[in-house]
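The values are calculated or read from the model by the stated rules, or taken from the named source; none is laboratory data. These figures come from a predicted structure and were not determined experimentally. Cβ placement follows ideal geometry from the backbone for every residue including glycine, while neighbour counts extend to all protein chains displayed. The area values use the complete protein model at the heavy-atom level, side chains included, leaving out ligands, DNA and RNA. Shrake-Rupley method; radii C 1.70, N 1.55, O 1.52, S 1.80 Å.
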Amino acid sequence: MGKSRGQILYAAFFCYSAVNTVEHIQMRMQLNIKVKEMMNKQTTKIDIQLLKATGKMNGMWQLMTGFRFLFLCAIFSLGISAIVRTGQFLLLKFVVDEVFPLPHLLKVIFFYIAGFGVLAGIEALFSFVKGKLAALSAEGIIKRLRNYLFDHIQRLPFTYHDHTDTGDLLERVTSDVDALHLFYSEQAIEIGRIGALFFFSLIAIFCIHPLLCIMSVICLPFILFQAFWFFIRIEKAYSGCQDQEAVISTVLQENISGIRVVQAFSRQDVEIEKFNREILEKYSRVKKLVFFQAFFWPVSDMICFVQTLLIYVIGGWMVMQGTITIGSYLAVMGLVTWAVWPLRDLGRMIIQASAAAVSYSRVFSILKEEPEKSNGKTRRSYAMKGKVEFRDVSFYYKKGEMVLDNITFTCNPGYVVALVGPTGSGKSTLINIIPGFYPYKSGSIRIDGKELSTIPLHELRRHIGIVEQEPFLFSRTIRENIAYGAGDGIGMKEIEQAAKAAAIHEVIMDFPEKYDTLIGERGTTLSGGQKQRIALARTILKNPRILILDDATSSVDAGTEEQINRALHTIMKGRTSFIIAHRVETVMRADLIVVLDRGKIIQTGTHHRLIQEGGLYKKIFSPQLEHSHTFPVMATHAIR
C-alpha cells in the first residue's frame with residue numbers, strides 16, 4: 001500500500017510539473033511579445049507633480065510606471081520559485097518518512113531522485129525568468145530616467161546652472177542613478193525573494209507543527225528593529241559620503257579643465273594638497289559608514305544563530321518525544337534555514353535600500369527644479385525684423401542687489417549698439433536678457449513690438465546669434481561645429497560659404513583632414529583666433545536677425561583681430577547687433593553707444609558726440625585715442 005501510494009503521488013507530481021512547464025512556455029511566449037511592445041514604446045513621461053507629492057519609497061515606486069507589469073511578473077516568477085523550493089523540503093519529508101521504510105526502496109528511490117531534479121529544474125527556470133524580467137524592468141526604468149534627466153537639465157534656466165557645481169551635477173546623474181539601477185535590478189527583487197521564501201517556508205513549517213512555526217518567528221522583531229535602526233544611521237552616513245563625492249568630482253573637474261593654468265603657475269603641489277584634504281574627508285565619512293555596516297553583520301548573525309539553534313534543539317527534543325517524525329525534523333531544519341537566514345539578508349537589503357533612497361533624493365532634487373518657461377505654446381514662425389526696445393528694465397540676481405536699473409533705449413532694425421562700461425556695470429547681464437537667459441524683473445522689452453516674455457523661447461533664440469569672448473567648441477569635427485546651430489539639411493557648400501565669410505576657410509583647408517579635422521575638447525587643438533572665427537562661421541550659417549558679440553576680439557592679437565573685424569563687418573550687415581568691446585576701433589563704428597555704470601545708463605549717443613560730451617566714455621577711451629592713428633568715424637549705416 002505504501003509503495004502504491006508513493007508511486008501515485010510521484011505520478012501526480014510529474015504530471016503537474018509537465019503541465020506547469022507547458023503553461024510556463026506559453027506564458028513566456030506571450031510575455032516576450034509584451035516585453036518587446038513595452039521596450040519599443042516611448043515611455044519618457046515622468047509625472048513630476050506626483051513625485052513631489054509623495055515620499056521617497058512611494059516616489060521610487062512611481063518611477064516604475066510603465067514597467068510595473070514586468071516587475072510584477074518577475075515577482076510572480078520569484079513566488080513560483082519559492083514555492084518549488086519549499087516543495088523540495090516537503091518532498092524530502094515524504095521520502096524519509098514514507099519511502100525509506102519501503103521494502104523495495106532501490107526500485108523506487110530513483111523516481112524520487114528524479115523528482116528532486118525536476119523541482120530543481122523548475123526552480124532554476126523561474127529564477128532565470130525572474131532575473132531576466134527584473135533586469136529588463138530595471139534597464140527600462142533607468143533608461144527612461146537618464147533620458148528624462150538629460151532632457152530636463154537641458155531645459156533648466158541659467159540661474160540653476162549658475163549656482164550648481166558641474167561635478168556635483170555629474171555625480172548625481174551618474175553615481176546616484178547607478179545606485180537606483182542597483183536597487184531596481186537587484187535589491188528590490190531580492191527583498192521580494194526573501195519575503196517569499198520566509199512566507200512559504202513559514203506556511204510549510206506550520207503545516208508540520210504550529211509550535212515550531214511560532215518559534216521560527218521569534219527573531220523577526222529583533223531583525224527588523226535592528227535593520228531600521230541601522231537604516232536611519234546608514235542613510236545619513238551614505239548621504240554625507242555622496243555629498244563629499246560630489247565635492248571631489250567638482251575639484252577634479254575644475255583641476256582637469258584648468259590644468260594649463262595649474263601648470264603655468266606651478267600650483268600642482270597646492271592642488272594635490274587640496275585634493276588630498278577632500279579625499280581624507282571622504283575617507284573619514286566612509287569609515288563611519290563602514291563601521292555601521294560592519295557592526296550590523298555580527299549582531300544579525302548572532303540573532304539568526306540563536307534562532308536556528310533554538311529550533312534545532314526544540315525540534316530534536318520533539319523527535320525524541322515522538323511528537324514529529326525524523327522526516328519532519330529534517331524538513332524543518334531546511335525550511336528554517338531558508339526562513340531565518342534570509343531575514344539576515346533582508347536587513348542588509350533594507351540598509352542598502354537606504355543608499356538608494358538617498359540617491360533618489362539627490363536625483364529628485366534635480367527633477368523638482370522648474371524648467372525655464374517657453375513664453376508661449378504656439379510654434380508659429382515669426383518674420384523678425386530686429387527692432388529692440390528697452391523700457392525701464394530692471395534686473396537683479398539677489399533681491400536688493402540691483403544689477404540693471406531702469407534701462408531704457410531703442411535699437412532700430414539693422415543698427416549696431418555698443419555697450420560700454422567698467423567691469424561689473426551690467427553689460428553682459430543686459431545682453432543675456434535679450435535671448436531670455438534671465439527673466440527681467442520689471443519694465444518692458446519689445447522685439448518688433450512684441451513683448452519679449454510672450455515670444456516662445458525656441459522662436460526667439462532661432463533668430464539670435466551669439467559669439468562669446470571664449471567660444472565653446474565641441475569635441476567633434478570642424479564641419480559639425482560650424483553646422484551645429486543651423487539644423488538639419490545643411491550642405492557642405494553652405495558650410496564653406498560661412499567659413500569663407502568668417503575668414504577661416506583657407507586655414508581649415510591647410511589641415512590634413514580639412515573640414516573633417518577633429519577638434520580637441522573645448523577646441524584645445526586650435527588657436528584663440530581660429531576658435532573665434534569658427535564660432536563666427538557657426539553664427540553666420542545660422543543667419544540670425546539679431547547678433548550678440550560679447551567682447552569677441554579681446555583675447556586675440558592685432559593681426560587676428562583685424563581678420564575677425566573684417567568677418568564681423570560682413571556678418572553685421574543688415575543685422576541688429578549688440579556688441580561689448582573695450583577697443584575704440586570696434587566701438588566707434590556703432591550707431592548707438594550705451595554707457596553703463598553700476599547698472600544704470602549714464603550716457604548714450606555716437607562716438608563723436610560722446611567724445612565731445614566728455615564723461616565716463618571719454619575717460620575710458622581717451623588713452624586709446626591718443627595712441628591710435630584711427631580717426632573717429634561716425635557710423636554707420638555704411639556697414640549695412
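For region 457-463, in order, what is each residue's ³J(HN,Hα) by Karplus, 6.51 cos²θ - 1.76 cosθ + 1.60 with θ = phi - 60°, in whole Hz (x at glycine and Pro)?
These are the phi-based 3J(HN,Hα) values: 4, 5, 6, 4, 6, 5, 9 Hz.
So what are the ³J(HN,Hα) numbers for region 595-607, from phi and the Karplus equation (6.51, -1.76, 1.60; θ = phi - 60°), rounded to whole Hz, Gly and Pro as x?
9, 10, 8, 6, x, 10, 7, 10, 8, 9, x, 8, 4
Quantify how much of the Cα-Cα distance distribution of region 220-379 extends past 23 Å, in percent. Provide the component values of the computation, followed by the final result.
Values: 8003 of 12720 pairs.
When every Cα pair of region 220-379 is considered, 63 percent fall beyond 23 Å.
What is the set of long-range amide H partners of G605 at a cut-off below 5 Å, with H atoms built 1.01 Å from backbone N?
Sorted by chain and number, the residues that satisfy this are I593.
Rounded to the nearest 0.05, what FRET efficiency do K600 and F158 have when you use their Cβ-Cβ distance and R0 = 22 Å? Let's see the in-between values first.
Numbers: r = 23 Å, r/R0 = 1.04.
E between K600 and F158, to the nearest 0.05, is 0.45.
Between Y484 and H608, what length in nm is gained on full extension when 0.36 nm per residue of separation is reduced by their alpha carbon distance? Can you show the working numbers first?
Working: separation 124, 0.36 × 124 = 44.64 nm, distance 3.93 nm.
Contour length minus the Cα-Cα distance gives 40.7 nm.
Put L105, L212 in order of accessible area, largest first, 1.4 Å probe: what do you get?
Working: L105 50, L212 0 Å².
So the residues, ranked largest to smallest area, are L105, L212.
Taking R0 as 60 Å, what FRET efficiency do you get between S374 and Y312 from their Cβ-Cβ distance, rounded to the nearest 0.05?
Once rounded, the FRET efficiency stands at 0.30.
Sticking with the crude label model, points 7 Å out along Cα→Cβ, report the distance from F225 to L518 in nm, one decimal please.
6.2
Compute the distance in nm between two label points, each set 7 Å from the Cα along the Cα-to-Cβ direction, one at L72 and one at L170.
4.1
How would you classify region 133-273 from its alpha-carbon gyration tensor, with a ≥ b ≥ c the square roots of the eigenvalues: rounded for a/c under 1.5, else prolate if a/b is greater than b/c, otherwise oblate? Provide the component values of the computation, followed by the final result.
Details: a/c = 3.89, a/b = 2.32, b/c = 1.67.
Because a/c hits 1.5 or more and a/b exceeds b/c, region 133-273 counts as prolate.
Let me know the whole percent of all Cα-Cα pairs from region 250-290 that are separated by more than 16 Å. Numbers along the way, then the final one.
Values: 341 of 820 pairs.
Within region 250-290, distances greater than 16 Å cover 42 percent of Cα pairs.
Of the peptides 74-80, 401-407, how do they stack up when ordered by the mean number of other Cβ atoms within 10 Å, highest first?
Working: 74-80: 21.1, 401-407: 18.0.
Packing order, densest peptide first, comes out as 74-80, 401-407.
Which semi-axis lengths, in whole Å and largest first, follow from the square roots of five times the eigenvalues of the Cα gyration tensor of region 492-543? Intermediate results must be reported in sequence, preceding the final value.
Working: eigenvalues 55, 33, 18 Å².
So the equivalent ellipsoid measures 17, 13, 10 Å along its semi-axes.
May I ask you to list the aspartates and glutamates whose Cα is less than 14 Å away from that of K573, ignoring any residue fewer than eight positions away on the same chain?
D591
Across region 271-414, how many lysine pairs, 8 or more positions apart or on different chains, have C-alpha atoms separated by under 28 Å? Please give the number.
Within region 271-414, the lysine pair count is 13.
Local charge sum around D405 (other residues, Cβ-Cβ under 15 Å, Lys/Arg +1, Asp/Glu -1)? Please list the in-between numbers first.
Values: positive: R391, K398, K399, K427, K441, R598, K600; negative: D392, E401, D597.
Here the charged neighbours net out to +4.
What distance in nm lies between label points placed 7 Å from Cα along the C-beta direction at V290 and E562?
6.5
Determine which aspartates and glutamates satisfy two conditions relative to K450: a Cα distance under 12 Å, and not lying fewer than 8 residues away in the same chain.
Candidates past the 8-residue exclusion: E389.
Going by amide H atoms built from the backbone, whose H comes under 5 Å of the H on I519, apart from near neighbours?
Residues meeting the criterion, in which the H sits 1.01 Å from N, are R476, T477, I478.
Sorted by mean Cβ packing within 10 Å, highest first, what order do the peptides 136-148, 441-453 take? Mind showing how you got there, number by number?
Numbers: 136-148: 19.5, 441-453: 15.3.
In descending order of packing, they fall as 136-148, 441-453.
Any chance you could run the full-extension gain for E494 through W297? It's 0.36 nm times the residue separation minus the Cα-Cα distance, nm to one decimal. Kindly include the intermediate steps, with their values, before the conclusion.
Details: separation 197, 0.36 × 197 = 70.92 nm, distance 6.74 nm.
Extending this stretch completely gives an extra 64.2 nm.
Work out Dmax and Rg for region 75-115 from the C-alpha atoms and quote the Rg first, both in angstrom.
13.0, 43
What list of ³J(HN,Hα) couplings, whole Hz, do you get for region 299-315 from phi and the Karplus terms 6.51, -1.76, 1.60, once you set θ to phi - 60° and write x for glycine and proline?
5, 5, 4, 5, 4, 5, 5, 4, 4, 5, 4, 4, 5, 4, 5, 5, x
Among the aspartates and glutamates, which have Cα under 12 Å from the Cα of K600 when same-chain residues fewer than 8 positions away are ignored?
D392, D405
Stretch E254-R267 to full length: gain in nm at 0.36 nm per residue minus the Cα-Cα span? Intermediate results must be reported in sequence, preceding the final value.
Values: separation 13, 0.36 × 13 = 4.68 nm, distance 1.34 nm.
Value of the extension gain: 3.3 nm.
At a 10 angstrom cut-off on C-beta neighbours, averaged per residue, how do the peptides 335-346, 609-620, 427-438 rank from highest to lowest? Please list the in-between numbers first.
Details: 335-346: 22.4, 609-620: 15.3, 427-438: 20.8.
The peptides rank, most packed first, as 335-346, 427-438, 609-620.
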